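So the structure is just underneath, and the comments pick up after that.
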């Protein structure tokens, strides 16, 4: 099991949570679970409904969209963060290329944190707005 300190550091590096205070990050970390998966395990399946996100603590994962490799992910990468906010379909499949340790945050647990600490919602909205602006600039210039 990853230490609370290590989990906090990983969460701090996730853009979605980067503006959260240490206390807020601690609540999120305590609401998460660590899981270990073997190489070859499908972590998320494109098109399926997601209700959790994963932070890659150790190992390497491969992202495929429509069966085509898009990228490889390493320690600190986030998988499926949009599913924390909606029940939309996964936009890609991700599988463990090596044995991996993942920090899993369910939407239900995150909403529980938000109910206890509403300021987290404000920070998540701000992070999403930043991401949308970045995508807008990349697409439209």
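On the beta carbon distance between residue 139 and residue 97, with R0 = 25 Å, the FRET formula returns roughly 0.25. Our analysis of the range 40-107 gives Rg over Rh at 0.93, with the two radii drawn from alpha carbon positions and Rh computed by the Kirkwood formula. Report summary: the helix-based calculation at 222 nm, which adds -39500 (n - 2.57) for every DSSP H run with n ≥ 4 and divides by the residues of the chain, gives -11000 deg cm²/dmol. Computed on the range 68-133, the Cα convex hull volume stands at 120 Å³ per residue. Considering only the Cα atoms of the chain, their convex hull presents on average a projected area of 8.3 nm².
Each reported figure results from applying straightforward, stated rules to the coordinates on display, with no laboratory input. Keep in mind that this is a model prediction, so the values were computed, not measured. As a convention, Cβ positions derive from the backbone with ideal geometry for all residues, glycine included, and neighbour counts pool all protein chains shown.
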